[in-house]
Every structure is written in C-alpha cells, then in structure tokens.
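Q: Let me begin by handing over the structure; questions about it come next.
Each reported figure results from applying straightforward, stated rules to the coordinates on display, with no laboratory input. Since the model is a prediction, treat every value here as computed from it, not as a measurement. Cβ placement follows ideal geometry from the backbone for every residue including glycine, while neighbour counts extend to all protein chains displayed.
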Amino acid sequence: MHQTAAYNDIRRDLVSLLPKVRRFAMTLTRNASDADDLVQEVCERAITKSHLWNGEGRLESWIYAMTRNLWVDEVRKRKVRSGAGTVDAGEQNELIVDAAGEKAVYAHQLNKMIMSMPEGLSSVFVLVNVEGHSYRETADILGIPIGTVMSRLSTARLRLTAMVAGDSERRA
C-alpha cells in the first residue's frame with residue numbers, strides 16, 4: 001500500500017476509534033480532562049508514528065497499547081511535579097451514547113460503579129466487556145499475563161455484581 005494511502009487510512013480509522021480510546025483513557029486517568037489530553041496525545045503520536053504501524057493485528061490494539069504507555073509516562077512525570085486538581089470520574093457520563101431518561105440514569109450509575117473499581121480492574125473490564133477485546137488482546141494491550149486478565153476480570157465482574165445488588169437493595 002502506498003505510504004500516503006496508509007497514512008490516510010490510519011487517520012480515518014483513528015477517528016472511528018475515538019470513543020473507545022476515550023473510554024479506555026477514562027479507566028486509566030479517572031479524570032475527564034486528563035483523558036481528553038491523553039486521547040489528543042495518542043492521536044498526535046499515532047499520526048506521527050503511522051509509518052511504524054505494520055498492518056498486522058488490530059490497529060485498535062496498537063492504539064490502546066500506545067494509550068497505556070503514554071499514560072504510564074505521564075504518571076512518572078507527575079511524580080516529579082506537584083499534583084493538579086481533578087474531577088471525580090464518578091461524576092462523568094462516559095458510557096452514555098444517546099441514552100435518555102431511565103437508561104441515562106442507569107448508564108451513569110453503571111459508569112460510576114466501573115470507575116469506582118481500581119484502575120487495573122476497570123481497564124480490564126472495559127476492554128473485554130465494553131470494547132469486546134479477547135483476553136489475549138487485553139493482555140497485550142495492558143502488558144500483563146493472560147492469567148492476570150482472567151483474574152482481574154473475574155474480580156471486576158464479582159465487584160460489579162455486588163455493587164448492582166447492593167444498589168438494588170437500597171432502592172427497594
């Protein structure tokens with residue numbers, strides 16, 4: 001494929017991945033502003049490094065791995081710098097697409113529950129259950145063993161089930 005055509009394909013595909021990348025960024029950053037900054041940095045990096053994309057595997061996995069790596073770098077930088085104010089991720093409605101009424105309330109509550117889990121659990125949960133990645137792809141994206149993915153996913157599902165059950169009991 002011609003280099004310009006590949007460049008344009010990555011740009012086009014990247015645009016279609018933006019909602020997924022933002023959801024993943026939210027599980028890492030826990031903050032809408034930081035997630036937006038991370039997504040912007042990922043887009044810039046993906047475009048400037050598009051020549052490194054070999055076309056094997058899923059572009060989505062390459063972008064997710066890049067997102068994770070950039071966030072790890074940012075966390076390291078922040079350890080040196082002083083902290084900044086953040087917005088609680090539970091206040092965000094990131095999982096809502098075009099929901100209204102009761103569905104919007106449920107989506108907000110579900111998002112709040114997912115974001116209340118530790119980063120490792122919420123990232124695995126979102127990648128597997130929301131974005132539809134396989135355990136192997138998730139392991140590759142996060143740079144962890146597949147057994148850890150299975151363990152974290154199981155823990156996340158159990159926690160979410162307990163939270164949903166507890167929420168239902170409170171409403172009754």
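Q: Can you spot the lysines whose alpha carbon is less than 28 Å from LYS112's alpha carbon? Ignore those fewer than 8 places along the same chain.
A: LYS112 reaches LYS20, LYS77, LYS79, LYS103.
Q: Could you derive backbone 3J(HN,Hα) for region 11-16 from the dihedral phi with the Karplus parameters 6.51, -1.76 and 1.60 (θ = phi - 60°), listing whole Hz in sequence and x where the residue is Gly or Pro?
A: Result, rounded to whole Hz: 4, 5, 5, 5, 4, 5.
Q: Right, next: Say each of ASN129 and THR155 gets a label point 7 Å from the Cα, pointing the same way as Cα to Cβ; how far apart are those two points in nm?
A: Result for the modelled spin labels: 1.5 nm.
Q: Still on this model: Given the peptides 117-128, 64-75, arrange them by the average over their residues of other C-beta atoms within 10 Å, most packed first.
A: Going by the mean number of other Cβ atoms within 10 Å, highest first, we get 117-128, 64-75.
Q: What list of ³J(HN,Hα) values in whole Hz, one per residue of region 105-120 in order, does the Karplus curve 6.51 cos²θ - 1.76 cosθ + 1.60 (θ = phi - 60°) give from phi, with Gly and Pro shown as x?
A: Running phi through 6.51 cos²θ - 1.76 cosθ + 1.60 with θ = phi - 60° gives 5, 5, 4, 5, 5, 5, 4, 4, 5, 4, 6, 7, 6, x, 3, x Hz.
Q: With r defined as the distance between the Cβ atoms of LYS77 and ILE146 and R0 fixed at 25 Å, what FRET efficiency is calculated, to the nearest 0.05?
A: 0.25
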